[in-house]
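Novice: Have a look at the structure that comes next, please.
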Amino acid sequence: MKIGVLGTGNMADALATQWVRAGHEVFVGGRNEQKAQRLATRIGGAGHGNLWAAAGFGEVVLAALPYGAGADIVREHQSALKGKVLLDCANPVGPGFRLLTEGGPSAARRLAAAAPGVHVVKAFNLCHEDVWRMTPPVFDGQPLTVPICGDDEAALALARKLVRDMGCEPVAGGGLDRAGLLEATAALFIGLWVAERADVRAIAPPLAYATGPRAENA
């Protein structure tokens, strides 16, 4: 699969590295082409150039962009992105672990509005970048599950493949209208992890108890 990457930060580094290892063709684009070149060199086997080149490169494009800049960059490059799958991994979380989109469209919906005709899929936003560097991310013998939200089935199929190629398991999170729930979950989890040092796995019961104790366990 050919994958363009918009951005040269830590998430771009972590995800692109895994996809190159899985055999995909990756092209890193940045406003600063020297940074894109350095990242491509560090990844190994990746191309590099400007944002236009990355947007036009792949059938899938990763928007590894800060929330505040994402919609503007996507709008600027919408002609190159039209008809493609755009993976959004941004977390609109501000000081005090506040959800910056509260009361308005999610970050993912803002990208979709900025570039009509682009198939936005929300994914990879619930973990620190170093988790995505793990090969693979497995905890207590269980592969990490990655929720994804989107409206186009073909786009979701490509996203699921990229999740599996990292050694993770995809799970349907619903349509793009539910992407805001993933973003809100990230805000909650980050606050619990960082401020409270809490293990968020402990806030929900095992699946067998999701609807309450079974009669034999009551």
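Novice: Once you put a point 7 Å from the Cα of Glu169 and another 7 Å from the Cα of Glu59, both along the Cβ direction, what distance in nm separates them?
Specialist: Taking the two extended label points, one gets 2.6 nm.
Novice: Which residue fluctuates the most in the chain, going by a Gaussian network model with Cα springs under 10 Å, if the choices are Glu153, Glu129, Glu169?
Specialist: Ranking Glu153, Glu129, Glu169 by mean-square fluctuation puts Glu153 first.
Novice: Assuming R0 = 25 Å, can you tell me the calculated FRET efficiency for the pair Leu181 and Arg31, based on Cβ-Cβ distance, to the nearest 0.05?
Specialist: About 0.20, to the nearest 0.05.
Novice: Something else: Distance in nm between label sites at Glu76 and Glu102, each 7 Å beyond Cα in the beta-carbon direction?
Specialist: 3.0 nm
Novice: Rolling a 1.4 angstrom probe over the protein heavy atoms, how many square angstrom per residue are accessible across segment 149-218? Please list the in-between numbers first.
Specialist: On the way: 4270 Å² over 70 residues.
Heavy-atom accessible area per residue stands at 61 Å².
Novice: What are the ³J(HN,Hα) values, in whole Hz, obtained from phi via the Karplus relation 6.51 cos²θ - 1.76 cosθ + 1.60 with θ = phi - 60°, for each residue of segment 91-101 in sequence order, with x given for Gly and Pro?
Specialist: For segment 91-101, the Karplus-derived couplings read 10, x, 10, x, x, x, 6, 7, 6, 6, 9 Hz, x marking Gly and Pro.
Novice: Once every DSSP H run of n ≥ 4 in the chain is given -39500 (n - 2.57) and the sum is divided by its residues, what mean residue ellipticity at 222 nm do you get, rounded to the nearest 500 deg cm²/dmol?
Specialist: -11000 deg cm²/dmol
Novice: Of the residues Gly191, Gly175, Gly96, which exhibits the maximal mean-square fluctuation in a Gaussian network model of the chain defined by a 10 Å Cα contact cut-off?
Specialist: The residue with the greatest mean-square fluctuation here is Gly96.
Novice: Report, in whole Å, the centroid distance computed from the Cα atoms of segment 6-56 and segment 161-190.
Specialist: Spelled out, the Cα-based centre of one part sits 22 Å from the other.
Novice: To make sure I understand the rule: partners must be lysines, Cα under 16 Å from the Cα of Lys84, and not fewer than 8 residues away in the same chain. Which ones qualify?
Specialist: Output for Lys84: Lys2, Lys122, Lys161.
Novice: Can you tell me the order of 46-52, 198-204 when each peptide is scored by its average per-residue count of other Cβ atoms within 10 angstrom, highest first?
Specialist: 46-52, 198-204
Novice: If the chain between Thr211 and Arg21 were fully stretched, how many nm would it gain, using 0.36 nm times the residue separation less the Cα-Cα distance?
Specialist: Taking 0.36 nm per residue and subtracting the Cα distance, the gain is 64.4 nm.
Novice: Considering only protein heavy atoms and a 1.4 Å probe, what is the carbon-and-sulfur percentage of the accessible area of the chain?
Specialist: Within the chain, the accessible surface is 53 percent carbon and sulfur.
Novice: A further question on this structure: Skipping prolines and chain starts, which residues have an amide H placed within reach, meaning under 5 Å, of the one on Ala64, given they are 5 or more residues away or on another chain?
Specialist: Leu6
Novice: Right, another one. Assuming 0.36 nm per residue, please report the length gained on full extension of the stretch Asp140 to Arg42 beyond their Cα-Cα distance.
Specialist: Net length gain for the segment: 32.3 nm.
Novice: log10 I(q)/I(0), Debye, Cα-only segment 13-99, no solvent, q = 0.14, 0.21 Å⁻¹?
Specialist: -0.50, -1.03
Novice: Counting heavy atoms of the protein chains only and a 1.4 Å probe, report the per residue accessible area for segment 1-75 as a whole number of Å².
Specialist: Details: 3120 Å² over 75 residues.
Ligands and nucleic acids excluded, the figure is 42 Å² per residue.
Novice: Okay, moving on. How large is the accessible surface per residue of segment 99-139, computed with a 1.4 Å probe and reported in Å² as a whole number?
Specialist: Here the residues of segment 99-139 average 44 Å² of exposed surface.
Novice: Here's something else I'd like to know. Build a GNM of the chain with springs between Cα atoms under 10 Å: which of Leu182, Leu81, Leu158 gets the top mean-square fluctuation?
Specialist: Highest fluctuation of the listed residues: Leu158.
Novice: Rounded, prolate or oblate, given the Cα gyration tensor of segment 89-169, with a/c below 1.5 counting as rounded? Before the final figure, lay out the partial values.
Specialist: Values: a/c = 2.86, a/b = 1.28, b/c = 2.23.
It comes out oblate by the Cα gyration axes.
Novice: So between Ala69 and Glu129, what do we pick up on full extension, going 0.36 nm a residue minus the alpha carbon distance?
Specialist: 19.7 nm
The values are calculated or read from the model by the stated rules, or taken from the named source; none is laboratory data. Remember, it's a predicted structure, so these values are computed and weren't measured experimentally. Neighbour counts are summed over all protein chains in view; Cβ atoms, including those assigned to glycine, are modelled from backbone coordinates with ideal geometry. Note: areas computed on protein heavy atoms with side chains; ligands, DNA, RNA excluded. Shrake-Rupley method; radii C 1.70, N 1.55, O 1.52, S 1.80 Å.
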